[in-house]
Every structure is written in structure tokens, then in C-alpha cells.
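*Asks:* This is the structure I want to talk about, given as C-alpha cells.
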Amino acid sequence: MVIRVAELPDPHDGGHALVIGDIADNCLVRIHSRCLYGDALQSDDCDCGNELGLAMDLIQDEGSGVLVYLEQEGRGAGLIGKAMGLRTTEQFGLDTYASYARLGLPSDSRKYVAAAQLLSDLGLTRIRLLTNSPAKIAAVESADIRVSVEPLVTRPKSERARRYLDAQREHHKLPSE
Ligand SMILES: [Zn+2]
């Protein structure tokens, strides 16, 4: 399977795109924000590693698709900010959003405009987006790409991951399972 790598230069929301196989309209796409602990170290604090693994399995099963991997550690707060947030969460028993607020960090500073533009530049006009994030869906639609949402359903790896996902769902105002 041929994988092409494209760079996405953006000072805050850049990264890389892996274009896997011969893509066409309606292919699977994952826009993933970097999570060093979850993606590389298999931390059970969150579900990022599971989501990335599942998305890549689905793309590989189809033989083509796009992974946009964005350098947006800690919802855009960076690795240091995220580490401070995790410590605050532990210390005060807060959820991740309340911890960020206590530290004066924006709860989520990620933007997906550059990622959506890249998908448009790849010639895509409709995609199946592997996501649970309304912000990602809205950004892609703003780039005139039609989106069918393919929710990523993963099993939380721990009670901590379950609490993280509950906080995220509450933050996004998503219906609970
Ligand atoms: Zn994570």
C-alpha cells in the first residue's frame, strides 16, 4: 500500500497528512490531534490512542483513506500545559476542562481550517469523517466538503478514560451513551 506524506504548515494547527492508497471522493478520513501520552505511550488517561488505532484499522481495511495528524497536543495548549492540567486534575479532582480553566488555559484552542483546506486541495468534495467532534465536522463543511459522520466507538481503557470522555461529551453537549 502506497502512503504519501504531505506537510501541513501552520504555526498553531499544522501537522502532516498521510494519504493512504488511491483516494477518491467518499473515502475515510481521520483528523487526529496529537496526544503523545495516548498515541505513543498508550496512556489510559484518555482514548486518543484507541481512536487513532481504530481509525487506521478501518482505513487499512478499505485500502485507502487519509490521516491528518495535527500537532495540537493538549487540545492546543501544548504538552506542558496538558501535563499541568493533568496534575491539577489529580490534585483537585476536577475534570480536564475545569483544570484548564483553573490554569487560565483556553479549554480548546484547536482550529481545523488548515486541515479542511488540505482535504479540499487533495480534490475531495465529500468524505466519510471518522470523528466524534462537532468542531471537526463544521470545519470540513466550511471548506465545501460534504461530510458523512462515522462515529468512532471505542471502549474506554480505564475509569479515568471514562471520566475524560464524559467530560468531553458534556463539553461538546453530546448525548450520553
Ligand atoms: Zn489523549
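*Asks:* Distance in nm between label sites at Leu41 and Arg162, each 7 Å beyond Cα in the beta-carbon direction?
*Replies:* 2.4
*Asks:* Can you give me the distance in nm between label points at Val153 and Ser109, each placed 7 Å from the Cα along the Cα-to-Cβ direction?
*Replies:* With each label point 7 Å from Cα toward Cβ, the separation is 3.6 nm.
*Asks:* Moving on to the next point. I'd like the orientation of helix 48-62 relative to the chain: the angle between its Cα long axis and the longest Cα principal axis, in ° from 0 to 90, rounded to 10.
*Replies:* Approximately 20 degrees, to the nearest 10.
*Asks:* Still on this structure, please answer the following. For Lys157, give me every one of the aspartates and glutamates with a C-alpha distance below 15 angstrom, ignoring sequence neighbours fewer than eight places off in its own chain.
*Replies:* Cα-Cα hits under 15 Å: Asp39, Asp44, Asp45, Asp47, Glu51, Asp166.
*Asks:* Additional query: For the chain, what is the calculated [θ] at 222 nm in deg cm²/dmol (nearest 500), taking -39500 (n - 2.57) for each run of four or more DSSP H residues and dividing by its residue count?
*Replies:* Computed mean residue ellipticity for the chain: -12000 deg cm²/dmol.
*Asks:* Which of the aspartates and glutamates could a cross-linker span from Lys136 if the Cα-Cα distance has to be under 14 Å and same-chain partners fewer than 8 positions apart are dropped?
*Replies:* Those aspartates and glutamates meeting the cut-off are Asp13, Asp108, Asp144, Glu150.
*Asks:* Kindly point out, ordered by number, any Cys in the chain whose beta-carbon has no other cysteine beta-carbon under 4.7 Å away.
*Replies:* Cys27, Cys46
*Asks:* Less than 15 Å Cβ to Cβ from Leu58, Lys/Arg counted +1 and Asp/Glu -1: what total charge do the surrounding residues give?
*Replies:* Combined, the nearby Lys, Arg, Asp and Glu give -3.
*Asks:* Rank these for me by crowding, Val66, Val153, Val113, Val147, going from fewest to most other beta carbons within 10 Å.
*Replies:* Taking fewest neighbouring Cβ atoms as first place, the list is Val153, Val113, Val147, Val66.
*Asks:* How high is the relative contact order of the stretch 76-115? Use alpha-carbon pairs under 8 Å, at least six apart in sequence, and give a whole percent.
*Replies:* In percent, rounded to a whole number, it is 43.
*Asks:* Using a Gaussian network model of the chain with C-alpha springs under 10 Å, which one of Leu130, Leu70, Leu122 is most mobile by mean-square fluctuation?
*Replies:* It is Leu122.
*Asks:* Compute the FRET efficiency between Asn26 and Arg169 as 1/(1 + (r/R0)^6), taking r as their Cβ-Cβ distance and R0 = 41 Å, and round to the nearest 0.05.
*Replies:* Efficiency, rounded to the nearest 0.05: 0.90.
*Asks:* So, in nm, how far is label Asp57 from label Asp95 when the simple model puts each one 7 Å beyond its Cα toward the Cβ?
*Replies:* 2.7
*Asks:* What is the local net charge at Val147, summed over the other residues whose Cβ is closer than 10 Å to its Cβ (Lys, Arg +1; Asp, Glu -1)?
*Replies:* Charge balance in the 10 Å sphere: +2.
*Asks:* Rounded to the nearest 0.05, what FRET efficiency do Arg4 and Leu79 give with R0 = 35 Å and r taken as the Cβ-Cβ distance? Could you check?
*Replies:* Here the calculated transfer efficiency is 0.80.
Any read-out appearing in this document is the output of simple, stated calculations on the displayed coordinates, not a laboratory observation. Note that the structure is a prediction, hence the values are computed from the model and not measured. Glycine also receives a Cβ, built like all others from the backbone with ideal geometry; neighbour counts cover every protein chain displayed.
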